[in-house]
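These notes are about the structure you will find just below.
Please treat every number below as a calculation from the coordinates, not as lab data. Note that the structure is a prediction, hence the values are computed from the model and not measured. With ideal geometry, Cβ positions are generated from the backbone for all residues, glycine too; neighbour counts draw on all protein chains shown.
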Amino acid sequence: MMLCASLACGSLLQAQTVLMQDDFHYKTDDLDGHSPAKGTEQWKVGAVKGVVSTDGSQAVIITGEGKRGQDTGSVRASYPFDGAPNTLYTLSVTFKFKPMNESQDCWGGFGFAYPENNITGPWMLIRPQENPESEGGAVAFGGGEGKEDVTAGDMRLASEEMSVPVKAKITWNSSTGEAHYYINNELKMDWAQTTPFPTGQVSAFFQGFQAGDSVKVTNITLTAEPVKSQPVKK
């Protein structure tokens, strides 16, 4: 009996904790200051010619459409949380895209940022199709506080992959700084990056850049689970 109790306790200690989850089953013209379905903090939205609203089933990103040589806007919704040592953070996002004309430079993105409103943690962008028959694309980045983004990897997404919701995920180990990237549940091992985890507050975000109304988010989840600390090399 005591052994069973010990095993159950160990399982609980290793379980994932949901820090934030939102499926946007509410309506608002502006996500800024709104609480997600699960989580103790509120969404913070920063925009340059853009807005994030919800229609009862998804978050709707609206910016100007991307045209080469023009700044037509971007918008980011961030959720702040306090980082902890020896923790594996997982950020999962489900995107819906529609093809977009003249999409030379537009995307939907997500990831981790620090300090607030500065992309320097691991993150990923996904580019919509230019037409229903064309490919989309995904690019992953690493970096570090005060450093430039480093491209971790990129791939093309076939038109049939873009015609259904695209699932993307990033895991970040606060002990080792190792980040892994997933597209549609497939781990991209050769994209792995080491990005130092900051002290203090971190934010999880999703974002649209010059994407018109072609990017929507149906679900976003942030979890945390303990990891064993790594031995110090001498």
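For the reader, a short list of remarks on this structure follows.
- Cross-link pairs beyond the 23 Å C-alpha cut-off, checked among K44/K188; K49/K216; K44/K98; K38/K228; K98/K169; K49/K169: K44/K188; K44/K98; K38/K228; K49/K169
- Using θ = phi - 60° and Karplus 6.51 cos²θ - 1.76 cosθ + 1.60, couplings along the stretch 183-190 (whole Hz; Gly, Pro as x): 10, 6, 6, 9, 6, 9, 4, 6
- Protection-proxy order for peptides 34-41, 122-129, each taking the mean of Cβ atoms within 10 Å per residue, highest first: 122-129, 34-41
- Couplings for the stretch 199-212, taken from phi via the Karplus curve 6.51 cos²θ - 1.76 cosθ + 1.60 with θ = phi - 60°, read 8, x, 7, 10, 9, 9, 9, 10, 7, x, 10, 6, 9, x Hz in order; Gly and Pro are left as x.
- Taking amide H as placed 1.01 Å from N in the peptide plane, the amide H of V150 sits under 5 Å from that of G142, G143, each at least 5 places away or on another chain.
- Distance in nm between pseudo-label sites at N184 and T17 (7 Å out along the Cβ direction from Cα): 3.5
- Mean projected area in nm² (Cα convex hull; one quarter of hull surface) for the stretch 16-226: 10.6
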